[in-house]
Amino acid sequence: MVGGIAALVVPAIVERVRARAGGQPAAQVGAPAGDVRARERRWSRIEPAHSIPEREDHTAADISYRVGDAVFVGDTLFMPDYGTARTDFPGGDARQLYRSIQKLLALPAETRLFMCHDYKAPGREDYRWETTVGEERRNVHLAACVSEDEFVKMREARDATLSTPKLLLPSIQVNIRGGRLPPAEENGVSYLRIPVRLKGGARLA
């Protein structure tokens, strides 16, 4: 997600990208009235990739930003040899993900795309974080699906086989605050809360 740790490092990367692009301002793509001010710099909102609210799916905390010839894609896409982001996190939507990806792929082929994660595709030993729109048009998940409905069917079936990430609950509590810990309690300590469900309706004393 463009949030959490990424929220702390992206501004620095953006400045490097903008310098390479000759200092040109960020351009808005595919979204109405969505300029976002971040650390006194103007970025441009493309659109949420998925959502993070109330049920268990991938997330609308994910937003892509375009600066010059570069786009930071959040959790929308992974490297072309790995595929696309899961959508079974809170607020996730496979159909919305597909449509957001199509907007990204409509950008010029030479547009650089910066990933938020890389899990290394089978047979690849090195981590990668940068690709292009042209390369992503051959993304393994998109190449296997010729229509939106086929992509949704594939994505939802694949998501059903994935386990819950070990750090999902702590991550959500930090990501929704833009990388900040929850407010401190009266003792001055911030806590990440983990729900506990007891078997058989047992109750704590």
Q | Residue match in segment 118-128 (condition: under 27 Å from residue 99 (Cα atoms), of a type outside the set (A, V, I, L, M, F, W, C) and in contact with a Pro (Cβ under 7 Å, 6 or more places away or on another chain)) | A | no
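Based on what the data block shows, is residue 82 touching a Phe, Trp or Tyr at 6+ places or on another chain (Cβ under 9 Å) and part of a loop (DSSP other than H, G, I, E, B)? First the steps, then the outcome.
Details: touching a Phe, Trp or Tyr at 6+ places or on another chain (Cβ under 9 Å): yes; part of a loop (DSSP other than H, G, I, E, B): yes.
Considered against the rule, which asks whether it is touching a Phe, Trp or Tyr at 6+ places or on another chain (Cβ under 9 Å) and part of a loop (DSSP other than H, G, I, E, B), residue 82 comes out as yes.
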Q: Restrict the check to segment 79-94 and report whether at least one residue is in contact with a Gly (Cβ under 8 Å, 6 or more places away or on another chain) and of a type in the set (Lys, Arg).
A: yes
Q: Spot the failing condition for residue 168; the list is (1) at pLDDT 85 or above; (2) within 19 Å of the chain's Cα centre (by Cα), and only one is missed.
A: (1)
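Mind telling me which of the residues 165, 122 ends up being touching a helix residue (DSSP H, G or I) at 6+ places or on another chain (Cβ under 8 Å) and over 22 Å from residue 70 (Cβ atoms)?
Values: 122 fails: touching a helix residue (DSSP H, G or I) at 6+ places or on another chain (Cβ under 8 Å).
It is 165.
Yes/no per residue for (1) under 13 Å from residue 142 (Cα atoms); (2) free of Cβ contacts under 8 Å to residues at least 40 places away in the same chain; (3) touching a Leu at 6+ places or on another chain (Cβ under 9 Å):
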| site | (1), (2), (3) |
| --- | --- |
| 77 | yes, no, yes |
| 88 | no, no, yes |
| 96 | no, no, no |
| 101 | yes, no, yes |
| 109 | no, yes, no |
Q | Hits in segment 175-194 - residues which are under 24 Å from the mean Cα position of the chain (by Cα) and not hydrophobic (A, V, I, L, M, F, W, C) | A | 175, 177, 178, 179, 180, 182, 193
Q.
Any residue in segment 146-158 that is within 16 Å of residue 101 (Cα to Cα) sitting within a Cβ distance under 6 Å of a residue that is aromatic (Phe, Trp, Tyr) and surrounded by 13 or more Cβ atoms within 10 Å (Cβ to Cβ)? List the pairs, counting only those 6 or more apart or interchain.
A. 148/98; 151/98
Q. For segment 96-141, how many residues are at pLDDT 95 or above, exposed (fewer than 14 other Cβ atoms within 10 Å of the Cβ) and small (Gly, Ala, Ser)?
A. 1
Q: Report yes if residue 157 is hydrophobic (A, V, I, L, M, F, W, C) and either modelled with pLDDT under 85 or within 15 Å of residue 81 (Cα to Cα) (or both), otherwise no.
A: no
Q. Of 179, 188, which residue is exposed (fewer than 10 other Cβ atoms within 10 Å of the Cβ) and either closer than 28 Å to residue 96 by Cβ or without any contact (Cβ under 8 Å) to a residue 60 or more places away in the chain (or both)?
A. 188
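The values are calculated or read from the model by the stated rules, or taken from the named source; none is laboratory data. In this text, all values refer to a predicted model and were calculated from it rather than measured experimentally. All Cβ positions, even for glycine, are placed from backbone atoms using ideal geometry, and neighbour counts span all protein chains on display.
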